[in-house]
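Remarks on the structure that follows.
The values are calculated or read from the model by the stated rules, or taken from the named source; none is laboratory data. Here the structure is a predicted model, which means the values were calculated and not measured. So basically every Cβ, Gly included, is an ideal-geometry build from the backbone, and we count neighbours across all protein chains shown. With ligands, DNA and RNA removed, areas are computed over all heavy atoms of the protein, side chains included. Shrake-Rupley method; radii C 1.70, N 1.55, O 1.52, S 1.80 Å.
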Amino acid sequence: MKYNNIVEAKFLERPNRFISYCEIDNNIEKVHVKNTGKCKELLIPNCTVFLEESDNPNRKTRYSLIAVQKGNRLINMDSQVPNKVVYEALLNGKIILPGLNEKITKIKPETTYENSRFDIYLETESKKAFIEVKGVTLEENDIVMFPDAKTERGVKHINELVKASKEGYLSYIVFVIQMSDVKYFTPNDKKHKELGDALRFAKDNGVNILAYDCFVSRDTIEIKDEVKVIL
């Protein structure tokens, strides 16, 4: 996926989940943050960030915050992008899901099952599958973790994927690591052990747990390689 009209800026502060203030060429701009997570380990005052300039004159904010430089690592923190990069990777063959090596005959985003709306639904000639996609931006010592805050909604989705699996659907959780060159992915039990327990239960009950890192530049992001998952 490619962004347009990217500019480099200096992050100043984030007064709420949706808005930050950044400095561009000595001018302070109010910027939309495309990630409602806390991201405190990323958005540190005076760090370098990358913004997408909108061509919509009716927008309240001219820029959206897309990526942040954390040391030598560039991290995409756009929470809307993981679904898109997985969708693209499924279509171009960069992601081949275990147990689903047939040609995809139907693929559809945002599909309801029971009380959940899963990110991707797809079919082959003989199989049907649900995919839940989670973006990962939390990294410590080259180890990436999810979540960075409690997510009861995430636990609910995992449990309903287990139910779908028992009813004959292939079920997948794909963690999109919005950076490259990491050691492995693991659930963040310190932050939300219930979600880690749900993932372990899901794996034992037919749900495939996968993780992929990404090529990230200031204006692009795409799936790179499968990453080891340690539950």
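Go through region 126-139 and count every residue that is touching a strand residue (DSSP E or B) at 6+ places or on another chain (Cβ under 9 Å), of a type in the set (S, T, Y) and open to solvent by 20 Å² or more (accessible area, probe 1.4 Å).
Residues that pass the stated criteria total 0.
For region 136-151, the criterion of being aliphatic (A, V, I, L, M) and either under 17 Å from Y172 (Cα atoms) or modelled with pLDDT under 95 (or both) is met by at least one residue. Of the residues making up region 126-146, those that are touching an Asp or Glu at 6+ places or on another chain (Cβ under 9 Å) and outside any strand (DSSP E or B) number 4. Total residues in region 105-121 satisfying the condition of being in contact with a helix residue (DSSP H, G or I) (Cβ under 8 Å, 6 or more places away or on another chain), over 19 Å from E152 (Cβ atoms) and at pLDDT 95 or above: the figure is 2. For region 155-231, the strands (runs of 3 or more DSSP E) that sit wholly inside it and include 3 or more residues that are open to solvent by 40 Å² or more (accessible area, probe 1.4 Å) are 221-226.
When V162, V207, V176 are checked against the criterion of being under 18 Å from the mean Cα position of the chain (by Cα) and modelled with pLDDT of 95 or more, V176 stands alone in meeting it. Residue pairs whose Cβ atoms lie under 8 Å apart, separated by 6 or more positions or on different chains, with the first residue in region 217-231 and free of Cβ contacts under 8 Å to residues at least 60 places away in the same chain and the second surrounded by 15 or more Cβ atoms within 10 Å (Cβ to Cβ) and of a type in the set (V, I, T), are V229/T186; V229/I209; I230/T186; L231/T186; L231/I209.
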